[in-house]
1. Return yes when Q12 is exposed (fewer than 15 other Cβ atoms within 10 Å of the Cβ), part of a strand (DSSP E or B) and in contact with a Gly (Cβ under 8 Å, 6 or more places away or on another chain) and no when it is not.
2. Suppose the filter is farther than 18 Å from D9 by Cα, assigned to a helix (DSSP H, G or I) and of a type outside the set (A, V, I, L, M); does K68 pass it?
3. Here's a check for you: in segment 83-107, which residue that is over 18 Å from the mean Cα position of the chain (by Cα) and assigned to a loop (DSSP other than H, G, I, E, B) is surrounded by the most Cβ atoms within 10 Å (Cβ to Cβ)?
4. Any residue at all in segment 34-48 that's surrounded by fewer than 16 Cβ atoms within 10 Å (Cβ to Cβ) and under 15 Å from V108 (Cβ atoms)?
5. Restricting to segment 52-69, what's the tally of residues that are over 11 Å from the mean Cα position of the chain (by Cα) and either within 15 Å of I116 (Cα to Cα) or surrounded by 10 or more Cβ atoms within 10 Å (Cβ to Cβ) (or both)?
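None of the figures in this text is laboratory data; all of them are computed from the coordinates on show. This structure is a prediction, so every number in the text was calculated from the model and none was measured. Counting neighbours? That spans all protein chains shown, and the Cβs are built from the backbone with ideal geometry, glycine included.
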Amino acid sequence: MSLGITRIDHVQIAVPRALEGQCLKFYREIFAFPELEKPADLRARGGAWFQVGPIQMHIGVDPDASPKSKRHICFLTNDLAQAKATVLAHGVAIEEEGVAEGLARFFVRDPAGNRIEIGQR
């Protein structure tokens, strides 16, 4: 029996409270995603919500956030060279991974160590 899932509504990544400001700056300035207003009852928890095409990306504050994982989000771009230049212009290190299944890509890490893949088909 199917669950009837039709799409992803949002993804959430976790950042520790001490790095919250740096991480929000990272996503606001480098990725320049439109920011959404969080519901009033969730604002005190910190973090932020962003819109990425039809999907929301939520940044949540978690004291147990750990970057020691291969889990990641993959964002597709229509200009991988420009995306790479933008990231490098902000002084962010790039992890080259090469092409996998027709996806040219690289990885970056936010200030909390969350792994972010940026790719182009």
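1. Yes: the conditions hold for Q12.
2. Working: farther than 18 Å from D9 by Cα: yes; assigned to a helix (DSSP H, G or I): no; of a type outside the set (A, V, I, L, M): yes.
Against the criterion (farther than 18 Å from D9 by Cα, assigned to a helix (DSSP H, G or I) and of a type outside the set (A, V, I, L, M)), K68 does not qualify.
3. Selected residue: G102.
4. No, that holds for no residue.
5. Here is the first cut: in segment 52-69, the residues over 11 Å from the mean Cα position of the chain (by Cα) are 53-55, 60-69.
Next cut, either within 15 Å of I116 (Cα to Cα) or surrounded by 10 or more Cβ atoms within 10 Å (Cβ to Cβ) (or both) only: 55, 60-62, 65-69.
Final tally of qualifying residues: 9.
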